[in-house]
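Report on the following structure.
The values are calculated or read from the model by the stated rules, or taken from the named source; none is laboratory data. For clarity, every value in this text was computed on a predicted model and none was experimentally measured. For neighbour counting, all protein chains shown are included, and Cβ atoms are generated from backbone atoms with ideal geometry for every residue, glycine included. What goes into the accessible areas is simple: the full protein's heavy atoms, side chains included, and nothing from ligands, DNA or RNA. Shrake-Rupley method; radii C 1.70, N 1.55, O 1.52, S 1.80 Å.
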Amino acid sequence: MAEEAPEVSGELKRGTIVVGIDDSEHSFYALQWILGHFFAGGGAAGYKLVIIHAKPFSTSVIAIGGPGVADVLPYVELDLKRIAAGVIEKAKEHCVANSVSDVLFEVVEGDARNVLCEAVDKFNADVLVVGSHGYGAIKRAVLGSVSDYCAHHAHCTVMIVKKPKHKH
C-alpha cells in the first residue's frame with residue numbers, strides 16, 4: 001500500500017504578489033489583470049496581495065537651485081501626496097469591485113525602480129507585477145524603464161503586463 005505524503009490540512013503555501021502602481025492606465029490594467037487571473041471571485045489562490053505606489057521625492061520633479069524653488073516645493077509635495085492618495089484609492093476601488101479584501105496598500109517615497117525592488121525583498125515576494133507603458137527601445141533607454149530595471153534586479157519573478165492595442 002502506498003504511503004500518503006504528509007500535508008498540512010487545508011493550508012496552501014501562501015506566497016506574496018507585489019503589484020507596483022502609478023497613476024497610469026497601464027499600471028491599473030496590470031492590477032486588473034492580476035485581480036482577474038489570480039484573485040477571481042475574491043479567492044486569493046494562496047497568495048497575499050501587496051500594492052505599492054512609489055511617490056517621487058518632490059525635489060526630483062523640479063529643478064533645484066532655481067529662483068523660487070523653496071516657495072514652490074511645499075506645493076509640489078502636497079500635489080504628490082494628493083496623487084498618491086488618489087492612486088491608492090483607485091486601487092482599493094479595483095480590489096473592492098473584484099471582492100478582494102486581504103490587501104496591503106503602501107505608499108513609499110523614492111524612485112520606483114528602487115522602491116519596487118526593496119518591496120520584493122521586504123515582503124519576500126514570489127512575483128512582482130508591473131504595467132508596461134509600451135515604450136520603444138530608444139524611449140526606454142532615454143527615460144529608463146521601471147519594468148526593465150525590475151526584470152533585471154528584483155529577486156523574484158517579474159510579470160510585465162502590457163495592455164493590448166485595439167485592433168482596427
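General observations
- Cβ-Cβ distances below 9 Å connect the following pairs, each with a first residue in the stretch 72-89 that is within 17 Å of residue 28 (Cα to Cα), a second residue that is assigned to a helix (DSSP H, G or I), and a separation of six or more residues or different chains: 87/27; 87/28.
- Annotation: of all residues in the stretch 136-147 being more than 12 Å from residue 160 (Cβ to Cβ) and open to solvent by 60 Å² or more (accessible area, probe 1.4 Å), the one that is modelled with the lowest pLDDT is 142.
- Within the stretch 1-23, the set of residues being over 19 Å from residue 101 (Cβ atoms) and either at pLDDT 90 or above or assigned to a strand (DSSP E or B) (or both) comprises 20, 22, 23.
- For the stretch 93-136, the set of residues classified as under 18 Å from residue 47 (Cβ atoms) and basic (Lys, Arg) consists of 122 only.
- From 87, 69, residue being more than 17 Å from the chain's Cα centre (by Cα) and surrounded by 12 or more Cβ atoms within 10 Å (Cβ to Cβ): 69
- One residue alone among 93, 106 is of a type outside the set (A, V, I, L, M, F, W, C) and within 22 Å of residue 163 (Cα to Cα), and that residue is 93.
- In the stretch 90-105, the residues that are in a helix (DSSP H, G or I) and either open to solvent by less than 60 Å² (accessible area, probe 1.4 Å) or in contact (Cβ under 8 Å) with a residue 40 or more places away in the chain (or both): 90, 91, 94, 95
- In the stretch 111-126, residue surrounded by the fewest Cβ atoms within 10 Å (Cβ to Cβ) [restricted to those that are of a type in the set (D, E, K, R) and part of a helix (DSSP H, G or I)]: 121
- Only one of the numbered conditions (1) hydrophobic (A, V, I, L, M, F, W, C); (2) modelled with pLDDT of 90 or more; (3) surrounded by 12 or more Cβ atoms within 10 Å (Cβ to Cβ) is violated by residue 78, and that is (3).
- Residues (within 13 Å of the chain's Cα centre (by Cα) and either modelled with pLDDT of 95 or more or farther than 19 Å from residue 58 by Cβ (or both)) located in the stretch 93-112: 103, 104, 105, 106, 107, 108
- Residue identified as part of a loop (DSSP other than H, G, I, E, B) and either on the phi < 0 side of the Ramachandran plot or touching a helix residue (DSSP H, G or I) at 6+ places or on another chain (Cβ under 7 Å) (or both) among 74, 67: 67
- Conditions (1) outside any strand (DSSP E or B); (2) at pLDDT 85 or above; (3) open to solvent by 60 Å² or more (accessible area, probe 1.4 Å): number failed by residue 150: (3)
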